[in-house]
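Following: one structure in structure tokens, then a few remarks.
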Amino acid sequence: MAKVPPYHQDREFFLNHVWESLNSGAKILFFAIATPLMLSAWGAERFGLFAVANSCVAMMAIVDLGLRMLTRVGLTNPESSEDSKIRLHALHVAAFSIASFGTIGVVALLSLAGCWHRWLQLPPTGDLIIVIAAAFTAVTMWLQLLLERIAAAGRLSRIKVALFVGNFAAAVVVVALLRSGASVAIVTAAYFGALAFPLLFLLPRANLHLRLFVRALVRLRLSEILAALHVGRWINVITCSWLFQSYGLVFLISWVLGPAAAGTFFLYLKLSELLTVLGASTSEPTIAALAGTPTALDRRRHFATGYRSAVALCLTGAVAYTFFSGDLFRIWLHRPLGNWTGLLIGIFGVVAGFSRMVSAGSVGLAKPRPAALGLLVGAGIIAGTIIAVRGRGSPELILAITAGAALFLLPAAGIIARDLGSTFAQIWLHPVLRFTPQLFLLIVVWWIGSVIDTALSFASAVAISAVICAVHIFRPALNSHVCARDSLLGYDTRSWRSALAMKVVDLIRPLRPAEQFAWATPCVVSSVAGLGDLFIHLPLIAGIVNEGRRRGIDVRVALRPAHREIGRACGWNILPFDNALEDFFKNPSALRPFRLWRRICEARTTKPNLWIDLTGSAISALAIKCAGAKKVAARITRGGRSLVNYPLPHTIRESEYDNIFRVAAHIGCKPDRSVFSKLLVEQDRETTDAVVLCVTTASRWKNWPLANFLQLIDRFPMLRFVVMGLKREILTEEKPLLAELLARPNVLDRFDTPNAMHLVQLIGHASAVITNDTSAAHIANAFEKPGAVLFGPVSPETFATPNGLRIFVDRSCPFHPCVQWTCHNQENWCMRKIPVEPVADHLATVLQATATYAATAILAGTVPVIESSRASHCSR
């Protein structure tokens, strides 16, 4: 099963929140209605029996043996073939069937011996009821394991919908049976049967490949099945420890304090479970997201999305319980419940949600052992403490002890943070701190609601809390290495004009669901931004063309008309396509509507079924859809979500060089760097092996002062320099300096090169390149040229590669990085603060061993090697 696209994961988180909340609400509502009826019809002892039966359902998860988690991880593995996934699924179903059948047999034998009612101080019918609960639970778990392909495909919410229907049906059936005077055994059987029944309707949609699945089952050997039971041992330890720290305590309390106290603790658990399952609604998709994601950056993003949601929902629920759980107990037990008890229930639920996230992270990263050991130690200490205070304990004390046991999970949480490439504080504490302002607001809202103490105040508090949580959870998430100023309205831009344009486009269809990428023919792949972007994308474009040929797909390459010669030199079928609307937002007078219409009409002559746009912006997506593309694959961090079918992986301020490998893995191709060798042709002797200086860019604030380039040239009077750029980009006050620079005898003037291919040849045959942050730097990196790139307003973490030109950057400006078209610190401009000496020293180091330089220059003294700055721009 292919991995779920990143933005589809975010949508699945949302749907899981919704259906888990509805499920938990249905359970709470069921017990709010059914508990008084049960107490009235059966009494406290038999209600305790029903509570123990419900706890038996949870305890049956022990026989899962970690197989569901292992199945989900295996089915999301992008490196596994379909046959191996089917075989793995069949193996785990067979292993679970044997384990559950054996467990039910043991439970039945103990029931026949009357052990359960004696051990747990239950009525004699307790033995039969526990067998019924165990059998129905095993069937439900077996069905869920069969449906695991749905969850692995990113459709876990469908299973949650079926469970919600089951909860609703179970409530109706139980209330009807209670009114007719049914016994505990009948009500228990009907309740668990109704819960499992809707899962049957999902079997046809589980994509089991029934014939292959049955064949795989038949071919299994007993030794393989036994080995599968052993593989999930650490996950099973996690499951057992979870269960003991929740419903297992009901059994322990029934043994220590009797069934009445167990029934009270069971109600506490049901309240806290609402918070626990909200944590589970993020932790379950997190397992698949971590297991199916190849890069640490994506894993960190998926985990951060899930944990942020868990923090908001669990803490909000804890505040609500602190002020309003007493009202629920007045309904259930006809007695009030103190606020401190409500706070304890809330803390217990928050801690349980935290333990779920730690366990999910450990399993998703294939390191379950630390979480398993932490949970196991905590369970042992809880059991020992409860037995030690046997005669003096209470349900509230047990809640506090269990919550404190979460401290033993901190080492596992630290290991997860390290594996995600971050720190404990960044992964686990910062999301809580970011929610602190909302938490204080929630406390005020719920306090006011409790003071007013009316149904309307309660409903208002719920509604306000829901809005606060939704805003926090679904606001655009920034990466840990990205400053808040890097994103406006959640887009990868610092310009309000651009961000608003992106938002307008995305409002065309704001809730458009993401789809799983699929190849189609005819196909177009495009890169219609600057020349530098094109040279970053060239290996990926070549890989896409190669993969298309392998699949028999007709792939055309859409490039700006000025770049078409580059595409033809690569041997591609070129479609001239220019996104003229982008120029409009840079310069409104640059819009050429007739030229734009002509390009769109040319593209519409053969409407592509798939268009892969590597430029990725709202304006590009709009132009591509106007060109008739049926399916669009593009990044959406710069808008276009309304028009994009297949969102390509990209995060704000991500390295553009690293991103091409993520995109290639996402769509199933391999970047091909051999494409650059096709671009070099014979060059004239005058410029071959010279040092190329690119001295201008479109933004004056990205230009190293021309006086610095002049000093650099004067440092090497015997070295040939080719100076290039656009004369229109030279400032008026610097034109005398330009004339002086071009008058140097060792300087060749190549300003205003006639076309892009000529620029490529100049750099491709150079001995070294010194350039501002512009397309020349990316061309030099493509041909692996030595030299230096001078960064100013733009972050080098995004547009530089550590294996390319040496980076020189000054980050001392408080506005760095910033919008490149304006400067708020002109008196202390960043490019002016990059000195000439280290750049010249680096150039001398680069050329010292080359024949050209050795024959024409004499180096005096030792050349120092100066390390370039690599500090994160967020630390400034």
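The values are calculated or read from the model by the stated rules, or taken from the named source; none is laboratory data. Being a predicted model, the structure only gives us computed values, none of them experimental. Backbone-built Cβ (ideal geometry, glycine too); neighbour counts: all protein chains shown. The area values use the complete protein model at the heavy-atom level, side chains included, leaving out ligands, DNA and RNA. Shrake-Rupley method; radii C 1.70, N 1.55, O 1.52, S 1.80 Å.
Summary table
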read-out: Translational D in µm²/s for region 86-145 (Stokes-Einstein at 37 °C, 0.692 mPa s, Kirkwood Rh from C-alpha pairs); value: 263
read-out: All Cα pairs of region 357-458, percent lying beyond 24 Å; value: 50
read-out: Loop-resident sites, region 745-852, for trypsin sites (Lys or Arg not before Pro), counting at most 15 other Cβ within 10 Å (DSSP); value: none
read-out: Mean Cβ count within 10 Å, highest first, over the residues of peptides 731-742, 766-777; value: 766-777, 731-742
read-out: Region 623-728: GluC sites (Glu not before Pro) falling in loop per DSSP and having at most 11 other Cβ within 10 Å; value: Glu682, Glu686
read-out: R0 of 22 Å, Cβ-Cβ distance Glu686-Leu742: FRET efficiency to nearest 0.05; value: 0.90
read-out: Packing-based order for 698-709, 178-189, 530-541, using average beta carbon neighbours within 10 Å, highest first; value: 530-541, 698-709, 178-189
read-out: Rounded FRET efficiency, nearest 0.05, which uses the C-beta distance separating Lys367 from Leu220 and R0 of 22 Å; value: 0.20
read-out: Heavy-atom accessible area ranking, 1.4 Å probe, most first, across Thr71, Thr822; value: Thr822, Thr71
read-out: Distance between modelled label sites at Asp841 and Phe440, nm, 7 Å Cα→Cβ extension; value: 4.9
read-out: Candidate lysines - alpha carbon under 19 Å from Lys160, same-chain residues fewer than 8 apart omitted; value: Lys27, Lys270
read-out: Extension gain, Ala32 back to Ala388 (0.36 nm per residue minus Cα-Cα distance, nm); value: 124.8 nm
read-out: Region 377-469: trypsin sites (Lys or Arg not before Pro) in DSSP loop, at most 16 other beta carbons within 10 Å; value: Arg390, Arg392
read-out: Accessible surface of Lys785 - all protein chains present, 1.4 Å probe, nearest 10 Å²; value: 40
read-out: Cα-Cα over 30 Å, subset of Lys503/Lys631; Lys670/Lys727; Lys785/Lys833; Lys503/Lys727; Lys85/Lys625; value: Lys670/Lys727; Lys503/Lys727; Lys85/Lys625
read-out: Leu243, Leu726, Leu433, ranked by accessible area, largest first (probe 1.4 Å); value: Leu433, Leu726, Leu243
read-out: Val172-Asp83 FRET efficiency (beta carbon distance; Förster radius 35 Å; 0.05 resolution); value: 0.20
read-out: Contour excess over end-to-end distance, with Cα ends at Ala470 and Ala227 and 0.36 nm allotted per residue; value: 83.0 nm
read-out: Simple spin-label estimate for Ser180 and Arg673 in nanometres, 7 Å along Cα-Cβ; value: 7.4
